[in-house]
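Only one structure is covered here, and it is reproduced in the block below.
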Amino acid sequence: MIELIKKLPKAELHLHIEGSLEPELMFKLAKKNQIDIPYKDIDDVRRAYNFTNLQTFLDIYYAGANVLITKDDFYELTWEYILKCVEDNVIHTEIFFDPQTHTARGVAFETVLSGIKEALSDANAQFGITSCIIMCFLRHLSQDDAFATLEEALPFKDDIIGVGLDSSEIGNPPSKFKDVFKKAKEEGFKLVAHAGEEADFSYIYEALDVLGISRIDHGVQSINSPELMQRLKEEQIPLTVCPNSNIELKVFDHYQEHNIKQLLDFGLNVSVNSDDPAYFKGYLNQNFINICENLPLTEKDVIKLVKNSFNSSFISEALKQAYLKRVDLAVAQ
Ligand code: ADE
Ligand code: ZN
């Protein structure tokens with residue numbers, strides 16, 4: 001099984017670039033930019049990565065992002081993630097970034113975007129990896145703040161395929177962002193949102209029916225509504241599931257209790273993703289390995305999960321077909 005996981009070309013649809021900041025790079029950039037971080041060494045950082053829920057992670061994740069200041073920093077962050085993609089045979093990736101985390105500290109929107117973009121362009125030139133960029137609004141902030149961020153993004157519309165919604169879920173339902181998502185849609189952005197990660201399935205309904213999103217990030221709480229499960233199945237709405245994240249943030253106590261196999265068996269369009277791999281003990285292949293070692297997933301299931309991610313991506317139909325052929329070819333070998 002591990003051989004199959006490694007040899008399959010894969011797509012990743014749920015990856016926060018700030019969540020790929022490894023402790024080594026955090027230390028290097030903290031020193032270069034003279035930013036204080038509350039750790040004495042790398043081991044100390046890793047010891048702090050002991051989360052009890054989403055918020056305990058977010059507090060540490062936002063503090064880590066403070067070391068990112070210059071365009072080169074964002075380039076290096078993104079390039080290091082790309083090298084992991086090469087290692088894991090990820091050939092297409094759709095990455096999130098959180099502009100407000102940086103603009104609130106005085107780092108310009110363009111600085112962040114241009115560093116990420118340049119690394120992704122080099123990734124395509126050197127490795128043939130394709131990618132899209134999705135900007136997320138932080139849901140613990142106001143809708144007005146999200147509107148201001150959308151305004152800032154308009155000059156860079158060609159570089160950003162969609163908008164998403166992330167950060168502290170409970171108490172910040174999708175409906176809080178109804179108007180800004182409406183405007184983003186009018187401007188031509190694709191729409192996604194984190195929903196049903198920690199909060200109940202009503203957040204998934206809101207993301208679908210109030211925001212009009214086309215892909216749900218996480219969505220594992222859908223299991224608690226037979227009616228929603230039926231709808232997600234009929235409409236084949238993609239759920240970008242992140243197993244390591246769900247375990248590290250205590251959404252499930254053990255991999256054996258993760259519901260990805262149940263969602264898949266029911267006929268939902270689920271994929272496997274790494275979310276914040278530097279914080280959650282592993283990149284994409286490790287997510288596949290962890291679920292395969294703990295759940296009765298078959299080779300056929302793994303192939304289906306991989307194909308779902310290409311089918312749910314924002315690439316052209318032609319490229320989708322070309323990538324699906326590459327998956328079939330790898331399976332046949
Ligand atoms: N930002 C980064 N990772 C996140 C997650 N898993 N949920 C919500 N916001 C996030
Ligand atoms: Zn996420």
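Here, each number is a calculation from the coordinates, and none is a lab measurement. Quick caveat, the model's predicted, so the values are computed rather than measured. Cβ: placed from backbone, ideal geometry, glycine included. Neighbour counts: every protein chain shown.
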For SER312, SER271, ascending order of other Cβ atoms within 10 Å (fewest first) is SER312, SER271
Applied in sequence order to region 78-86, the curve 6.51 cos²θ - 1.76 cosθ + 1.60 (Karplus, θ = phi - 60°) yields integer Hz couplings, x standing for Gly and Pro, of 5, 5, 4, 5, 4, 5, 5, 4, 4
Counting only DSSP loop positions in region 36-140, the trypsin sites (Lys or Arg not before Pro) whose Cβ has at most 13 other Cβ atoms within 10 Å are LYS40, ARG105
Quick calc, GLN34 & PHE266: beta-carbon distance into FRET formula, R0 45 Å, rounding 0.05, result 0.30
Set LYS71/LYS117; LYS233/LYS307; LYS7/LYS307; LYS190/LYS233; LYS10/LYS307; LYS7/LYS304, cut-off 18 Å on Cα-Cα distance; pairs above it are LYS190/LYS233
Extension length gain for ARG326 and HIS254 (0.36 nm per residue less Cα distance), in nm, is 22.6 nm
Here the FRET efficiency for SER142 versus VAL86, based on Cβ atoms and R0 = 45 Å and rounded to 0.05, is 0.70
Going fewest to most other Cβ atoms within 10 Å around each Cβ, VAL241, VAL331, VAL107, VAL112 line up as VAL331, VAL107, VAL112, VAL241
A correct Karplus calculation of ³J(HN,Hα) over region 57-71, with 6.51 cos²θ - 1.76 cosθ + 1.60, θ = phi - 60°, whole Hz and x for Gly and Pro, returns 6, 4, 4, 6, 5, 5, 5, x, 5, 4, 7, 8, 10, 9, 4
Ranked from fewest to most other Cβ atoms within 10 Å of their own Cβ, THR93, THR70, THR78 fall in the order THR70, THR78, THR93
The simple spin-label model distance between ASP41 and SER316, using points 7 Å out along Cα→Cβ, in nm, is 5.2 nm
Fraction of alpha-carbon pairs in region 183-237 farther than 16 Å apart, rounded to whole percent, equals 37 percent
